[in-house]
Amino acid sequence: MSNSFWSMGGYARYVWPSVAFACAVLAWNLWAAIRYLAAARQRTARALAMAASDSA
Amino acid sequence: MWTWFYRLASPPSVYRVAAALTPWFLTLAAIVIGCGLIAGLAIAPPDYQQGDAFRIIYVHAPSAWLSLFAYTTMAVAGGIALIWRIKMGHAVAAATAPIGASFTLAALVTGSLWGRPMWGTYWAWDPRLTSELILLFLYVGVMALRPAFEDPSRGDRAAALLSIVGVVNVPIIKYSVVWWNSLHQAATVAKLGRPSMPGSMLWPLLTMFLGFMLFYGAVLCIRLRGEVLNRERQAVWVREAIKSR
């Protein structure tokens, strides 16, 4: 990649942190959503297991 | 007449459709955002006034658009849940809130980084910036209000009411640059006439809009499945869904 691309015409310290922050928000959203679903599955499985042991 | 709608909005149906759509939305979002970023950062020409600093628009504008879109979705879903008593409306609203809040924060941070070289300051109490900050507070309020009640259904109703009341802020954000003197530039894409942007700059921006919308769809589907499981833990179909994993 050419140097002018990375320097962004002298605005690199504003452009790249903006892009990095937006990408971090995208990554956080995906990670948090997957974690939320996994936690919900775990809680549901635990509740089902408890209900099964109660009825046994 | 509305039977199909109620059937589609039933928890098992929502869970199944969301699971089926997620990989499609996610794959398409990755491709479209990747293409949009390359086009915006490397292919689009620099602006004649702002130089390369204008490239921040490719992450700032889609984030800001999504912050408004997610809030409107949350209010509409809350309204549907209150009026027609479709409980999945509350689930959609709850799943949307953290996504919208994070993109509002992204819009504020990237806007601030764009403001420094263009306006000489990271922050000004400008109508557009202030109303966007109020949007972030509204999101935080809605997220905090839902679990503040012991009875979850009361929490859902209170959050829906707050989101509906707060939706008045959406047109204020949109038209703040028209109604008041603002440091923020006027609309460049969503104008009644022609967009004030050349095509070479516009198509990467539209690509990023599409990519962010697809990403929103993917994350909403994942969160929605979690919401459905949390709300329907006692249902028989949930037992089957968990077993079949």
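The values are calculated or read from the model by the stated rules, or taken from the named source; none is laboratory data. Since the model is a prediction, treat every value here as computed from it, not as a measurement. Cβ placement follows ideal geometry from the backbone for every residue including glycine, while neighbour counts extend to all protein chains displayed.
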Quiz prompt | Within segment A:1-22, considering residues that are facing chain B (nearest Cβ under 8 Å) and of a type outside the set (A, V, I, L, M), the one nearest to B:Phe103 (Cα to Cα) | solution = A:Phe21
Self-check item: Residue list for segment B:102-147, restricted to those being polar (S, T, N, Q) and under 21 Å from A:Ala24 (Cβ atoms)
Solution: B:Ser102, B:Thr104, B:Thr110, B:Ser112
Quiz item: Is there a residue being free of Cβ contacts under 8 Å to residues at least 60 places away in the same chain, assigned to a loop (DSSP other than H, G, I, E, B), over 22 Å from B:Gly115 (Cα atoms) and of a type outside the set (S, T, N, Q) anywhere in segment B:151-159?
Solution: yes
Quiz item: When you look at B:Arg239, is it without any contact (Cβ under 8 Å) to a residue 12 or more places away in the chain, part of a helix (DSSP H, G or I) and in contact with a helix residue (DSSP H, G or I) (Cβ under 8 Å, 6 or more places away or on another chain), yes or no?
Solution: yes
Quiz item: Any residue in segment B:77-85 that is within 25 Å of B:Ile173 (Cα to Cα), within 12 Å of chain A (Cβ to nearest Cβ) and touching a helix residue (DSSP H, G or I) at 6+ places or on another chain (Cβ under 7 Å)?
Solution: no
Self-check item: Failed item, numbered, when B:Ile80 is tested on (1) hydrophobic (A, V, I, L, M, F, W, C); (2) modelled with pLDDT under 95; (3) over 19 Å from the mean Cα position of the chain (by Cα)
Solution: (3)
Quiz prompt | B:Pro117 vs. criteria within 21 Å of the chain's Cα centre (by Cα), within 14 Å of chain A (Cβ to nearest Cβ) and within 23 Å of B:Asp47 (Cα to Cα) | solution = no
Exercise. Return yes or no: is A:Ser18 touching a His at 6+ places or on another chain (Cβ under 8 Å), under 20 Å from B:Ala39 (Cα atoms) and assigned to a helix (DSSP H, G or I)?
Key: yes
Quiz item: Does at least one position in segment A:29-38 carry a residue that is more than 7 Å from chain B (Cβ to nearest Cβ), farther than 30 Å from B:Leu113 by Cβ and out of contact with any strand residue (DSSP E or B) (no Cβ under 6 Å at 6 or more places or on another chain)?
Solution: yes
